[in-house]
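Working notes, structure below.
The values are calculated or read from the model by the stated rules, or taken from the named source; none is laboratory data. Computed from a predicted model, the values in this text were never measured in an experiment. Here the Cβ positions follow ideal geometry from the backbone for every residue, glycine too, while neighbour counts run over all protein chains shown. Heavy atoms of the whole protein, side chains included, go into the accessibility calculation; ligands, DNA and RNA do not. Shrake-Rupley method; radii C 1.70, N 1.55, O 1.52, S 1.80 Å.
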Amino acid sequence: MRHVTLIVLFTLLAGSALHAQPTSELDFLTGLTEHRELRDMLPKFLKGRAFELLEQRSRTVAGLRTMKQVEERRAYIRKEMLEALGGLPERTPLNARVTGTLDRGDYRIEKIIFESLPNFYVTANLYVPTRGTPPFPGILFPLGHEGGAKAHEAWQRVLGSLAKKGFVGLAWDPVGQGERVQLWDADFGAAKLVRSTTEHSMYGIQCLLTGDNLARYTIWDGIRALDYLLSRPEVDPKRIGLTGNSGGGTHTAYLAALDDRIHVAAPSCYITNWARLLTSIGPQDAEQNLPPWLHSGLDHGDFLLAFAPKPYLLLAAVRDFFSITGVRETHAEVRRVYESLGAAEKIGLVEADDGHGYTLPRRLAAYDWFSRWLKGSGDTGPEPEIEIATEEELFVTESGQVVTSLGGETVYTLNRKRAEMFASKRPQLSADVIRRVIAFNPPGMPVNAASYGVLERSGYRIEKWLYSSEPGIGIPAVVYAPSTPGRKPAVLLVSGRGKAAESSGCEALVKAGFVVMAADLRGLGETRVAGPSASSDWPQYFGDYASSMTGLLIGRPLTGMRAQDIARSLDLLTKRDDVDAARIYGIGRESAGIPLLHAAALDPRLKRVLLDGMLVSYEAVVRATIHRQVFENAPRGVLRSYDLPQLTAMVAPRPVWLVDTVDPLGRRISVEEAARHHGALSDTLRLVRRRPGEAIQNVFLEMAGKP
């Protein structure tokens, strides 16, 4: 037996030549006429399920007629939102203070800092009229992702104009933007990840693992911003409006749905519907998705329904990347409900023939809408001239960054504390808990398989199969079968690289006397989704972001779906006449390792498991500042129930070997470091690090023994 620190590995059949198969032979579906959309299989499947859920929701909403029904719907929406967020924090002292003021004649800009949570600092600008008689109506102004955050020119124009028109306006830097960059590189004086949306999703995945959403923090910032706005004597608490563009439109939708202190809302360039999103740009960054939103029977229209029948204006751009058709469909759906409540005049839609942004046509419409409902008469006057400040002039902190001027908490530190709290309260792990977390429920129907030919080789053959994991999902696999008669031990090999990349190892194992099945789990190998998922820098960090997020939105994590593919692969493998069902082993490489570990914890047909290049633990992700290629294997809330070391313990007494375990950046770690995560070793758990160039099949043969 190998000791935990043993590095030397057996060498398989020294001097033997391995015959590598051309990729075109092993990725046998690629290029075939009937499989031209092979790489669209997973997105098509996910969208199909999403559309079914959306259709069910539409039928429910179509039945809303009375105020009682709308109130019941509002209660359901809020309950589901709060569950998706992971709940909201407790209120603590704001400890607000003013650090400076800019005089603009008709108004002043106060530089504000407050704590939405203890030592979690929020930088904000308050625009206060200096003419007129207070108290004034107040406008809460959550920001979008544009550069400069609260100093962005368009935001200054909106807030300055509102101040000149007799409104008090408050804007604050979202996390990851302006003075609140969470991953700030002090040496370079810049954000480590450059794009705020990338930072949002980096932290968003860490929050997801704890069962929270990044929006738990961004929404709470907005609620506490409203607390501060209402604390000002210049503001009339009975006249509060809410508006923002893009990411600010998102938070306008969120805050209006959750907080009854808002009286009038006008989101710009966000509201559409999920049917149009899924057929166009797909899911956006972390805080703009609230899994399992679609599984819960919700859509964009529900944000409006939770606010009904108060005044709500949709500000839209015909040439926005948010579908204008979706805006119109949502408006029509909600307008019917407003009409049934006798409030048709309180729901509006303004379209401008321009692109994404809070452009002049939408700004003018917003001024009129807020004046109409908060001041009693409309305002169709021109937009006033506004003096634009530099970003530095609007800085609240001395350095222009909270992390360098004040320190304090970040989303990373807050989420890490949440993970530690949940770890101390985990229930006893069971198969039912695992099934619930990854939504594992393989169909009971017999596996349906079709042959796509055979490649004859000396001493073995390569069979090409396509079989159904569930309706709409076909799994391509190759089976390396020895020519000798009789039942033999078998290996199921699944790899993040795909089956074609594993040909050398498969050939070595079949020559050693194993039947070997190499399968491409959905979204891997030749079924890998083509092209970038969201934006050019995201695939390197998040892999197939669109499929991962869509799966979470419909309540089907990719980890669980791929574990199901493995179970169906075992269904096929165990029915073969040349396989000894009592000796079936598994090899999972890289991103396929976590699905295989889940499958092994649930399926006793896998007698031994080797996991190569697998993430050491989910805990390591929430403890790391940055991670890569984790999202495809991030079930929502998993750390409330278990971590990967607990799964390896569930497989016992069947052996599990962890080979070249990696950290959240994909770097190999030492055996000693892996042991710190997985605890005491035993005869059933081995941690191994290969020498450079050592083949994985050598390690497997040591684990399994030659047949």
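Based on the alpha-carbon gyration tensor of the range 58-206 and its eigenvalue square roots a ≥ b ≥ c, which shape applies: rounded if a/c is under 1.5, prolate if not and a/b is larger than b/c, or oblate?
Numbers: a/c = 1.97, a/b = 1.20, b/c = 1.65.
Because a/c hits 1.5 or more and a/b fails to exceed b/c, the range 58-206 counts as oblate.
Stokes-Einstein D for the chain at 4 °C, 1.567 mPa s, Kirkwood Rh over Cα pairs, in µm²/s? Mind showing how you got there, number by number?
On the way: Rh = 27.4 Å.
Calculated translational D: 47 µm²/s.
Provide the percentage of antiparallel DSSP beta bridges, counting only those with both residues in the chain; round to the nearest 5. Could the numbers behind the result be given before it?
Numbers: 45 of 92 bridges.
Around 50 percent of the beta bridges assigned by DSSP in the chain are antiparallel ones.
Compute the long axis of helix 593-602 from its Cα atoms, compare it with the longest principal axis of the Cα atoms of the chain, and write down the angle in degrees, 0 to 90, nearest 10.
In the chain, helix 593-602 runs at an angle near 70 degrees to the longest axis.
Please state the shape class of the range 278-344: rounded when a/c is under 1.5, otherwise prolate if a/b exceeds b/c and oblate if not, all from the C-alpha gyration tensor. Walk me through the intermediate numbers first.
Values: a/c = 2.24, a/b = 1.40, b/c = 1.60.
It is oblate, given that a/c is not under 1.5 and a/b is not larger than b/c.
Under the rule of at least 5 residues apart or a separate chain, name every residue whose amide H is placed under 5 Å from the amide H of residue 347.
Counting only residues 5 or more places away or on other chains, the set is 312.
Classify the range 107-195 as rounded, prolate or oblate from the Cα gyration tensor: take a ≥ b ≥ c as the square roots of its eigenvalues, call it rounded if a/c is under 1.5, otherwise prolate when a/b beats b/c and oblate if not. Provide the component values of the computation, followed by the final result.
Details: a/c = 2.97, a/b = 1.98, b/c = 1.51.
Prolate is the answer for the range 107-195, as a/c is 1.5 or above and a/b outweighs b/c.
Of the chymotrypsin sites (Phe, Trp or Tyr not before Pro) in the range 153-257, which ones lie in a loop per DSSP and count no more than 12 other C-beta atoms within 10 Å? Don't jump to the answer; show the numbers that get you there.
Working: sites: 155, 167, 172, 184, 188, 203, 217, 220, 228, 254; in loops: 167, 188.
Sites meeting the loop and neighbour criteria: 188.
Ignoring any ligand, DNA or RNA, what whole percent of the accessible area of the chain comes from carbon and sulfur when the probe is 1.4 angstrom?
Details: 13180 of 25510 Å².
Its accessible area is 52 percent carbon and sulfur atoms.
Run lengths n ≥ 4 of DSSP H only: what is the helix-derived mean residue ellipticity at 222 nm for the chain, with -39500 (n - 2.57) per run over all residues, to the nearest 500?
Working: 23 runs with 247 residues, N = 707.
My calculation for the chain gives -10500 deg cm²/dmol from helical runs alone.
Calculate, for residue 497 and residue 25, the FRET efficiency according to 1/(1 + (r/R0)^6) with r their C-beta to C-beta distance and R0 22 Å; round to the nearest 0.05.
E(calc), rounded to 0.05, equals 0.85.
Where nothing but the Cβ of Lys and Arg (+1) and of Asp and Glu (-1) is charged, how large is the charge dipole of the range 589-671 around its Cα centre, in debye to the nearest 20?
Values: 11 positive and 8 negative charges, 27 e Å.
That gives the range 589-671 a dipole magnitude of about 140 debye.
Taking the 0 to 90 degree range and rounding to the nearest ten, how far is the long axis of helix 196-209 tilted relative to the main principal axis of the chain, both from C-alpha atoms?
Tilt relative to the chain: about 60 degrees.
Please name which of 462, 524, 503 has its Cα lying farthest along the dipole of the range 437-578 towards the positive end, using unit charges on Cβ (Lys, Arg +1; Asp, Glu -1) and the Cα centre as origin.
462
Positive end of the charge dipole of the chain (Lys, Arg +1 and Asp, Glu -1 on Cβ, about the Cα centre): tell me which of 301, 617, 367 has its Cα farthest that way.
Farthest towards the positive end: 617.
Which is farthest toward the positive dipole end of the range 467-544 among 477, 515, 492, measuring Cα position about the Cα centre, with Cβ charges +1 (Lys, Arg) and -1 (Asp, Glu)?
Towards the positive end, the residue furthest out is 515.
Working from Cα positions, state the angle (0 to 90°, nearest 10) between the long axis of helix 153-164 and the longest principal axis of the chain.
So the helix axis and the longest Cα principal axis differ by about 30 degrees.
Using Cα pairs under 8 angstrom and six or more residues apart, how large is the relative contact order of the range 95-155, in percent?
Worked out over the range 95-155, it gives 24 percent.
Hey, got the dipole for the chain? About the Cα centre, +1 on K and R Cβ, -1 on D and E Cβ, debye to the nearest 20?
Details: 84 positive and 81 negative charges, 391 e Å.
Here the chain has a charge dipole of around 1880 debye.
Before anything else, pin down the relative contact order of the chain: Cα pairs under 8 Å, at least 6 apart, normalised by residue count, whole percent. Don't skip to the answer; put the middle values down first.
Numbers: 1449 pairs, mean separation 107.9, N = 707.
Computed value for the chain: 15 percent relative contact order.
Could you state the accessible area per residue of the chain in Å², with a 1.4 Å probe and every protein chain left in place?
Working: 25510 Å² over 707 residues.
So the chain comes to 36 Å² accessible per residue, rounded to a whole number.
Past 20 Å, Cα to Cα, is the threshold; run 79/346; 150/310; 150/346; 111/164; 44/464; 511/575 against it and keep the listed order.
Working: 79/346 25 Å; 150/310 27 Å; 150/346 29 Å; 111/164 18 Å; 44/464 24 Å; 511/575 22 Å.
Violating the 20 Å limit, Cα to Cα: 79/346; 150/310; 150/346; 44/464; 511/575.
Can you list residues from other chains, or at least 5 along the same chain, whose modelled amide H is less than 5 Å from the amide H of residue 88?
For residue 88, whose amide H was placed from the backbone, there are no distant partners under 5 Å.
Would you list the P(r) distribution for the range 359-422, with all Cα-Cα distances sorted into 10 Å bins from 0 and each bin expressed as a whole %?
With 10 Å bins starting at 0, P(r) equals 17, 21, 18, 25, 17, 2.
Counting pairs of alpha carbon atoms under 8 Å apart in space and at least six apart in sequence, what relative contact order in percent does the range 588-641 give?
Details: 34 pairs, mean separation 20.9, N = 54.
That works out to 39 percent.
Sequence neighbours fewer than 8 away in the same chain don't count; with that in mind, list the aspartates and glutamates whose C-alpha is under 15 Å from residue 238.
Here the aspartates and glutamates satisfying the reach criterion relative to residue 238 are 227, 259, 260.
Where nothing but the Cβ of Lys and Arg (+1) and of Asp and Glu (-1) is charged, how large is the charge dipole of the range 92-216 around its Cα centre, in debye to the nearest 20?
Details: 13 positive and 12 negative charges, 96 e Å.
Dipole magnitude for the range 92-216 comes out near 460 debye.
In nm, give the distance between the simple-model label positions of residue 385 and residue 345, each being 7 Å from the Cα along the Cα-to-Cβ direction.
It works out to 3.7 nm between the two label points.
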